[in-house]
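A.B. asks: Here you go, one structure.
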Amino acid sequence: MDLRELEKTCGECRGCALWQTRTNLVFGTGSRTAKLMFVGEAPGEQEDKTGIPFVGAAGQLLDRYLEAVGIEREEVYIANILKCRPPRNRDPLPEEGDACIGFLRGQVKLIRPKMIVCLGRISAMRLIHPDYRITKEHGQFVTRGAFLMTAVYHPSALLRDPSRREEAYRDFKEIKRRLDEFA
Ligand code: URA
């Protein structure tokens, strides 16, 4: 199965109720050969409208971090744990994550990135460890099988609390430095 087929299967998924209220599936975008993959939580309003992850205000802040450290958005792959928007952006339910996580696993298997960066606590709790503490652990790297993994503050959190932006900038610089080691 290639990414396009996986996306089609994902679009037909009825594993939870979110397909009923979404406008568009937000499967993922970017390079199919990306060394770096970002994983957020779930699509928001703009993402639901466009079908593209991280295009709203949080996505624009993510773009600024990428640009600041010299990473092209086109060279990475960006996806979320959930592919459908939860109504009114409520937190994803654990069973929605359980129903959807297989699609992310499929994306990782097909893209085979070197590094996976969780955007925010919800993603890190799902992908790194269940009691992940973002304030304490952000920017720390762990090796999981073939992947180097880390988490950064969610850009929405940085919009709410700009005092954390400097730390986030340091994390992104380290991500870029480690990425260059794979070149
Ligand atoms: N927040 C996320 O976690 N994902 C998106 O795609 C947009 C906002």
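The values are calculated or read from the model by the stated rules, or taken from the named source; none is laboratory data. Only a predicted model underlies this, so the values are computations on that prediction, with no experimental measurement involved. FYI the Cβ positions are ideal-geometry reconstructions off the backbone, even for glycines, and counts take in every protein chain you see. The accessibility values were calculated without ligands, DNA or RNA, using every heavy atom of the protein model including side chains. Shrake-Rupley method; radii C 1.70, N 1.55, O 1.52, S 1.80 Å.
A.B. asks: In the stretch 113-124, which residue that is open to solvent by less than 40 Å² (accessible area, probe 1.4 Å) and in a helix (DSSP H, G or I) is nearest to Arg32 (Cα to Cα)? Reasoning before the result, please.
C.D. replies: Going residue by residue through the stretch 113-124, those that are open to solvent by less than 40 Å² (accessible area, probe 1.4 Å) are 113, 115-120, 123-124.
With in a helix (DSSP H, G or I) added as a condition, the list becomes 123-124.
Numbers: Ser123: 21, Ala124: 22 Å.
Checking each candidate, the answer is Ser123.
A.B. asks: Quick one: in the stretch 139-163, of everything that is within 14 Å of Gly40 (Cα to Cα) and hydroxyl-bearing (Ser, Thr, Tyr), which residue is most open to solvent (accessible area, probe 1.4 Å)?
C.D. replies: Ser156
A.B. asks: Here is a follow-up. Any residue that is touching a residue at least 40 places away in the same chain (Cβ under 8 Å), outside any loop (DSSP other than H, G, I, E, B) and within 27 Å of Thr50 (Cα to Cα) - is there at least one of those in the stretch 125-147? Don't jump to the end; show me each part of the working.
C.D. replies: Residues of the stretch 125-147 that are touching a residue at least 40 places away in the same chain (Cβ under 8 Å), as a first pass: 126-127.
Okay, now just the ones that are also outside any loop (DSSP other than H, G, I, E, B), so 126-127.
Subset that is within 27 Å of Thr50 (Cα to Cα): 126-127.
Yes, there is a match, as at least one residue in the stretch 125-147 is touching a residue at least 40 places away in the same chain (Cβ under 8 Å), outside any loop (DSSP other than H, G, I, E, B) and within 27 Å of Thr50 (Cα to Cα).
A.B. asks: What are the residues in the stretch 1-17 that are farther than 15 Å from Asp98 by Cβ and loosely packed, with under 12 Cβ neighbours inside 10 Å, if any?
C.D. replies: Of everything in the stretch 1-17, those that are farther than 15 Å from Asp98 by Cβ and loosely packed, with under 12 Cβ neighbours inside 10 Å turn out to be Met1, Asp2, Arg4, Glu5, Glu12.
A.B. asks: Against the condition β-branched (Val, Ile, Thr), surrounded by fewer than 20 Cβ atoms within 10 Å (Cβ to Cβ) and at negative phi, how does Thr135 come out, does it pass?
C.D. replies: Against the criterion (β-branched (Val, Ile, Thr), surrounded by fewer than 20 Cβ atoms within 10 Å (Cβ to Cβ) and at negative phi), Thr135 qualifies.
A.B. asks: To continue, here is another question. What is the number of the single condition among (1) touching a Phe, Trp or Tyr at 6+ places or on another chain (Cβ under 6 Å); (2) touching a residue at least 60 places away in the same chain (Cβ under 8 Å); (3) within 14 Å of the ligand (Cβ to nearest atom) that Val69 does not meet?
C.D. replies: Looking at each condition in turn, Val69 falls short on (3).
A.B. asks: Within the stretch 28-54, can you find the residues that are buried (at least 22 other Cβ atoms within 10 Å of the Cβ) and either near the ligand (Cβ under 7 Å from one of its atoms) or assigned to a loop (DSSP other than H, G, I, E, B) (or both)?
C.D. replies: Result: Gly28, Gly40, Glu41, Ala42, Pro43, Gly44, Glu47, Pro53, Phe54.
A.B. asks: For the stretch 18-27, which positions are free of Cβ contacts under 8 Å to residues at least 60 places away in the same chain and open to solvent by 60 Å² or more (accessible area, probe 1.4 Å)?
C.D. replies: Listed by number, the list holds a single entry, Gln20.
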